[in-house]
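Structure, as structure tokens:
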Amino acid sequence: MDKSTPIRIVWVSLLFIYILHYPLSQLLPDVPPVPQYEWGMWFLAYVFLLFSSAIFIPALYFGMSGRAPTISTIVAHDTNTVKRFSLITTILVFFLFALWSYLMVIFKIGMTIYADFEPLPFRLTGIFFYGRLFVQPIILAYMAIGYSSSKLKWLVLLMMFGLGAWVSLSSGSRFAALLFALPIFLLFKSKVRYYAFAICLTIYIIIASLSRTFYLPEVIGDIDILSIYGSDLAKEQDRDLYKTLLMPISYIAYRVLGIRELLATLSFSDISISLIDAAMAFLSTIFPFIQSAGDISYKVIMGGSEDDFGGVGLDLFSMIWVRNRFNVISYPFALALIGWMLGKTYRYFAISLERFGVMNINILIFIILFLFVVIEGRSNLLPFLFFLSWLTSRKDVAHNINSIFKLITTNPLRPAQRLKSTSRHNE
């Protein structure tokens, strides 16, 4: 299993997020200004950054490490290829995924600017949201590899582009746009993959950005949403149109959370809390059955009010620091746990993919996991992903999954044709 590439990805990401992002973002218009901090606070922030990195990266590496298991691939015909879905199955999958997003629009789920939807029964809201954000890109990546050597890959590219554009429009999420652009990278094997990925990602981000003011407010139809924009809706639309001229630079500048959030977090008033309460507060953000005191609003930490419209996020280290209620003792253990679980989840998924002979998407899996934890702050999903990765890495489970894929991708006429051919031979 490749461990050096994920570590390099993390190092480069942390370097950009916490060091390069701030000066580059100040060159763009409408970037939120950073309050004036003393040099001592800047020094403290970078010491905190080095301290956190020295914990997170070794924990990540330790999670990826382990005794090399004996893995017998279950793909008997060719361990270097992926069994391609039939064209009818492929079209059906794209239709179901498009219908999936349509139902989310009907129920107003998964829209970036709206969170007052009515929860669906049987946890269907979470299934819809995380299924589209995680499961669908994985399936599309598998399909892309299967069609990478086929003459039909241009048709698949057209369907992938249409689905990604629809997801970007219906969600307004630029993160979802990124995830649905990644499978396109795997559809090609030459330098064309870079151009196809870059073009599709840029178009997706533009669609998602414009959707927030041109499409979603009208689809939602919520009086509060429309009143928030009010007469300023045209101004917001003009501002979004201006940002599209700077794509994808503006997306990176406005989206990435780094030193600005870390400075605001460290300068926030400390809260006296016991070590046990801090540990319980952190565990409650990962395991929903653990109860703790009320959460601290990120909006307040960033200098706003709880009643302000929109969401506010924090970078990875600030988020874990806040979730531990600023406790310097529990924070290192919590950060190490996140790093270890991320590394171990990636390791188990890599074992699962090796059983299917699909090792060339290991890095894609790590990138998606890393984006979930660092960019989206979804560390609460790690226990579920950890269990899922461990489960799929088991040999018996992998055989069952392979049997299901064979059932889906096998042409039902082939057994009959083979029987007919055998009967003719016997005659």
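Laboratory data are not the source of any read-out in this text; all were calculated from the coordinates shown. Everything numeric in this text was worked out from a predicted model, so none of it was measured. Reconstructed Cβ throughout: ideal geometry from the backbone, glycine too, with neighbour counts over all protein chains shown.
Annotation: the residues I19, I145, sorted from fewest to most other C-beta atoms within 10 Å of their own C-beta, follow the order I19, I145.
A straight chain from S149 to I106 at 0.36 nm per residue would run longer than the Cα-Cα distance by 11.7 nm. Put in order of Cβ neighbour count within 10 Å, fewest first, the listed residues V374, V105 become V105, V374. Per-residue Karplus couplings for the stretch 183-200, computed as 6.51 cos²θ - 1.76 cosθ + 1.60 with θ equal to phi - 60°, are listed in order as x, 5, 4, 7, 6, 10, 10, 9, 5, 4, 4, 5, 5, 5, 5, 5, 5, 5 Hz, Gly and Pro entered as x. Close amide H contacts of L120 (hydrogens built in the peptide plane, cut-off under 5 Å, sequence separation of 5 or more or a different chain): T125. Sorting I367, I199 by the number of Cβ atoms found within 10 Å of their own Cβ, with the fewest placed first, yields I199, I367.
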